[in-house]
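Single-structure report; data block below.
The values are calculated or read from the model by the stated rules, or taken from the named source; none is laboratory data. It should be emphasised that the depicted structure is a prediction, and the values quoted were computed from it without experimental measurement. Every residue, glycine among them, receives a Cβ derived from its backbone with ideal geometry; neighbour counts consider all protein chains shown. When the accessible area is computed, the model is the full protein with side chains, heavy atoms only, and any ligands, DNA or RNA have been set aside. Shrake-Rupley method; radii C 1.70, N 1.55, O 1.52, S 1.80 Å.
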Amino acid sequence: SDVYKRQLLPYLGEEAAAGAVDVIVLFGDMVYWPDGESENSFMRDVQRLSGNGSVPFHVSPGNGDSGANFSIYRNDFWMPGAAESDSLWHSFDIGPAHIIGISTEVYYYQSEVVQQNQMAWLKADLLAATTPEARAARPWIIVHYHRPGYSTNYAGNVDGDPHARADFEPLMYKYGVDLIFEGHVHSQERSWPVYNGTVMNGTDTPGRPYHNPRAPVHVVSGNPSNAEGASVRHEPLQDWVAWRSLAYGYSHLDVVNATALHVDVLSTNLGGAVVDEFWMTKDQACGFGDCGHPSHQQGARSQVRGEFPRPLAVAVSQRWRLEQSVAVPQDQVAALWEMFVSFGGEEWTRRDGWAQEGDPCGVDHPWYGVSCVPQTDASIPPPTHNLTGISAIQLPNNNLRGDLTALLAKNSSLSVLMPSLQLLDLSDNHLTGEIRPDSPIWSGASLHSLYLDSPSNASRIRGHFPLEMGYSLPSLKHLSLQRQLFMGELPASLGSLDCRATTTHTESACLFWIQDNVMTGTVPETMCGREWNEVYLAGNNMSCDDWPCLHVAYSNYGPCTTKCTPCPT
């Protein structure tokens, strides 16, 4: 897709060319379009990324690869042991790590015999990888598969994929698997060490949850780029969620030595910024489960974080920040600083660069979560005019606290951000107050994505939509205000929104998530004139009378779902 070529290839290609990548791993949905040219285009790009084969390329299958009984997938990708597994599962060793790829898709598209074959192979592989000799040589065991066992974005089910949890998780714990990478949902998410829904952080050193963890860590990296656009979160935060984001990007894994590894997420739509990272360290080869050998409990003391250099791949990405960055107007810098002060910036989880002098989008001290790069995805076309200034503020789940009423009031400093701002994500924070109809947030001509979900019912924002909302936000495509206290009726002007997507994306681009608010009235008939991708309005106080059945791909109107009447022709 266009977004794939604009956002992923430049970064990953640059890293591979610089020798910063030892192996590339994708965990599902590589084929997606079995129409010949799309597949060929992807394979040409893979060839370029891997340096015509100089960088190994490993995969595990996803539901998007299931066409014709995975025949295209099997023809395109030949993994170790493919003659026996059809490349549905395999493993390999690299440095001090043993990497395993398996398939969640055998439970959805293939026979019970194939399921049993994979499980027998997996048990045998894990058993071999956890002998004293094998674990001493390769103490890190890392697994990748498609459907996540832990995700707050998995079709409204916080328990994740049932097979990942019921079939895989017990084995991952028993054999002391350290880290699990997953995809499928189009977002990024990181767990605390977790088993059976229970957080099991390392306990010997306060403040270091990933030091000697007592269970595997799950990293959902499902949004490097895709033809369907980013997902919109479904569920409140869970105890096992350490971080989550809708940012486009991909993960780096740096296995430093036998006792330390580093994971980060590079955001391509934030100009190559690192939006999440953590170190995992351990003092023994296997610290949990039933690894079966007392020798696993002995090993060298792990190094501390400060002793490790910055991964080369992250350093390479900084060139892209430099080339894409622009000088931020000083009034926008002042508005950002007011946000920092108003929302308790000194206590934010990540505040890199915010206390530094300099350009928020500069290469030296970029401000975490701030971008000046045009924000597009597969469903949203590039801006039609040049934007000068801040294009995105993404600070989800970052411990922002405070009353936003004054900051978002009429004629507030936020007004200077709106001409260039395309994406604002302040979800999963602890914000209160009111967003009034005359707030400048409703007047951003370039704003196409607004995410203000509450993490729970504890911190909620009141608000009303302005009557002219559809006209004052002409670029709006994604709106997510779940679990807030927005009231009043949906404005009829929403029917004026342009929901057409890009030429490579056939579905409507408009996604509206306003679940669990206190909205009243009904859906305005003017919305019948548009095709919608997702409209979720359950959990409000709306009337089912005269509720039109919109042209929508996915919807949930609560009790009104079965009571709508056809839109007038």
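If I ask for residues that are part of a loop (DSSP other than H, G, I, E, B) and closer than 17 Å to S245 by Cβ, which ones from region 420-447 would you list?
If the condition is that a residue be part of a loop (DSSP other than H, G, I, E, B) and closer than 17 Å to S245 by Cβ, then Q422, L426, S427, D428, N429 are the ones that fit.
Report every pair of residues separated by at least 6 positions or lying on different chains whose Cβ atoms are under 6 Å apart, first residue within region 336-365 and closer than 17 Å to G271 by Cβ, second open to solvent by less than 50 Å² (accessible area, probe 1.4 Å) and among the basic types (K, R).
Going by the 6 Å Cβ cut-off, the qualifying pairs are V363/R321.
Which one of the conditions (1) assigned to a loop (DSSP other than H, G, I, E, B); (2) over 22 Å from the mean Cα position of the chain (by Cα); (3) closer than 22 Å to P236 by Cα does R500 fail to meet, given that it meets all the rest?
(3)
Somewhere in region 440-453, is a residue under 26 Å from C361 (Cα atoms), without any contact (Cβ under 8 Å) to a residue 40 or more places away in the chain and of a type in the set (V, I, T)? Lay out the reasoning, then the answer.
So in region 440-453, the residues under 26 Å from C361 (Cα atoms) come out as 440-453.
Retained after the next criterion (residues that are without any contact (Cβ under 8 Å) to a residue 40 or more places away in the chain): 440-445, 447, 450, 452.
Now narrow it down to the ones that are of a type in the set (V, I, T): 441.
Scanning region 440-453, I find at least one residue that is under 26 Å from C361 (Cα atoms), without any contact (Cβ under 8 Å) to a residue 40 or more places away in the chain and of a type in the set (V, I, T), so the answer is yes.
Search region 406-438 for residues being among the polar types (S, T, N, Q) and surrounded by fewer than 22 Cβ atoms within 10 Å (Cβ to Cβ), and hand back the single one that is nearest to E338 (Cα to Cα).
S413
Of everything in region 200-226, what is at pLDDT below 95 and in a strand (DSSP E or B)? Give them in sequence order.
Listed by number, the residues that qualify are H211, V220, S221.
Condition check: open to solvent by 40 Å² or more (accessible area, probe 1.4 Å), under 30 Å from N429 (Cα atoms) and modelled with pLDDT of 80 or more. Does D331 satisfy that?
So D331 passes the test.
Here is a yes/no grid of residues against (1) touching a Ser or Thr at 6+ places or on another chain (Cβ under 7 Å); (2) of a type in the set (D, E, K, R); (3) at pLDDT 90 or above; (4) surrounded by fewer than 16 Cβ atoms within 10 Å (Cβ to Cβ):
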residue: G470; (1), (2), (3), (4): yes, no, yes, no
residue: L479; (1), (2), (3), (4): no, no, yes, no
residue: N517; (1), (2), (3), (4): no, no, yes, no
residue: C528; (1), (2), (3), (4): no, no, no, no
residue: N541; (1), (2), (3), (4): yes, no, yes, yes
residue: L550; (1), (2), (3), (4): no, no, no, no
residue: Y554; (1), (2), (3), (4): no, no, no, yes
residue: Y557; (1), (2), (3), (4): no, no, no, no
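Take region 340-356 and flag every residue that is open to solvent by less than 90 Å² (accessible area, probe 1.4 Å) and acidic (D, E).
Answer for region 340-356, where residues must be open to solvent by less than 90 Å² (accessible area, probe 1.4 Å) and acidic (D, E): just D352.
All but one of (1) among the small types (G, A, S); (2) open to solvent by 10 Å² or more (accessible area, probe 1.4 Å); (3) over 22 Å from A392 (Cα atoms) hold for S493; which doesn't?
Only one criterion is unmet by S493, namely (2).
Could you tell me whether L537 is among the hydrophobic types (A, V, I, L, M, F, W, C), crowded, with 20+ Cβ neighbours inside 10 Å, under 26 Å from the mean Cα position of the chain (by Cα) and over 28 Å from S391 (Cβ atoms)? Before the answer, list the steps.
On the way: among the hydrophobic types (A, V, I, L, M, F, W, C): yes; crowded, with 20+ Cβ neighbours inside 10 Å: yes; under 26 Å from the mean Cα position of the chain (by Cα): yes; over 28 Å from S391 (Cβ atoms): yes.
Yes.
So N457 fits all but one of (1) within 21 Å of G402 (Cβ to Cβ); (2) open to solvent by less than 10 Å² (accessible area, probe 1.4 Å); (3) not hydroxyl-bearing (S, T, Y); what number is the exception?
It fails just one condition, (2).
Scan (1) among the small types (G, A, S); (2) under 20 Å from S443 (Cβ atoms); (3) open to solvent by less than 20 Å² (accessible area, probe 1.4 Å) for the single condition S475 breaks and write down its number.
Every listed condition holds for S475 apart from (3).
Just to check your reading of the model, which residue among S103, S54, S87 is part of a loop (DSSP other than H, G, I, E, B), modelled with pLDDT under 95, of a type in the set (S, T, Y) and surrounded by 14 or more Cβ atoms within 10 Å (Cβ to Cβ)?
Details: S103 fails: modelled with pLDDT under 95; S54 fails: surrounded by 14 or more Cβ atoms within 10 Å (Cβ to Cβ).
When all the criteria are applied, what remains is S87.
Search region 271-284 for residues being touching a strand residue (DSSP E or B) at 6+ places or on another chain (Cβ under 9 Å) and assigned to a loop (DSSP other than H, G, I, E, B), and hand back the single one that is nearest to G207 (Cα to Cα).
Result: K282.
Here are P132, P139, P148: which of them is over 21 Å from L237 (Cα atoms) and crowded, with 20+ Cβ neighbours inside 10 Å?
Criteria check complete, one pass: P139.
State whether one or more residues within region 132-140 are basic (K, R), part of a loop (DSSP other than H, G, I, E, B) and in contact with a strand residue (DSSP E or B) (Cβ under 9 Å, 6 or more places away or on another chain).
Checked against the condition, which is being basic (K, R), part of a loop (DSSP other than H, G, I, E, B) and in contact with a strand residue (DSSP E or B) (Cβ under 9 Å, 6 or more places away or on another chain), region 132-140 yields at least one hit.
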